[in-house]
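The values are calculated or read from the model by the stated rules, or taken from the named source; none is laboratory data. Source: prediction; values computed, not measured. Counting neighbours? That spans all protein chains shown, and the Cβs are built from the backbone with ideal geometry, glycine included.
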Amino acid sequence: MKASEGQVEIAMLPQAGQYAGLLHAGLVAALIDTACGFAAATIAGRVLASHFSANCLRPAVGNRFLARARVIKPGRTEIFTACELDAQADGAQKLVATGETLLVPVASRSA
């Protein structure tokens with residue numbers, strides 16, 4: 001994982017594929033949601049998703065999957081993020097999904 005202010009990059013190997021040899025759409029969505037949450041957290045600390053969407057553009061086939069998320073608009077009560085998910089195989093990289101998440105900062109819980 002790589003992270004900087006408002007941006008994050010996370011990778012996953014495809015051991016958790018599905019029966020047809022593809023990365024399951026649920027995992028595609030989870031990668032997008034996780035990357036967006038981490039990107040927002042670099043700016044706002046703890047956040048929760050209030051809205052999430054994913055667009056599967058082609059079958060997710062690859063040896064490695066790379067999600068790159070960035071904060072589009074940081075706000076005091078809402079943080080808008082976007083993500084692109086690439087599949088890497090045989091030296092090539094293809095965009096397989098995109099997504100967006102709307103997150104809200106949450107106060108830290110005291111012990």
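Results, tabulated for the structure shown:
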| read-out | value |
| --- | --- |
| Single residue of A82, A89 found to be at pLDDT below 95 and among the small types (G, A, S) | A89 |
| Count of the range 47-75 residues which are outside any strand (DSSP E or B) and either closer than 12 Å to L23 by Cβ or of a type in the set (V, I, T) (or both) | 6 |
| In the range 27-74, the residues that are β-branched (V, I, T) and either within 11 Å of the chain's Cα centre (by Cα) or surrounded by 20 or more Cβ atoms within 10 Å (Cβ to Cβ) (or both) | V28, I32, T34, V47, V71 |
| Near pairs, Cβ below 9 angstrom, 6+ apart or cross-chain, from the range 37-53 (closer than 15 Å to R76 by Cβ) to any residue that is among the acidic types (D, E) | I43/E5; S50/E78 |
| Identity of the residue in the range 54-79, at pLDDT below 95 and among the basic types (K, R), that ends up farthest from I43 (Cα to Cα) | R64 |
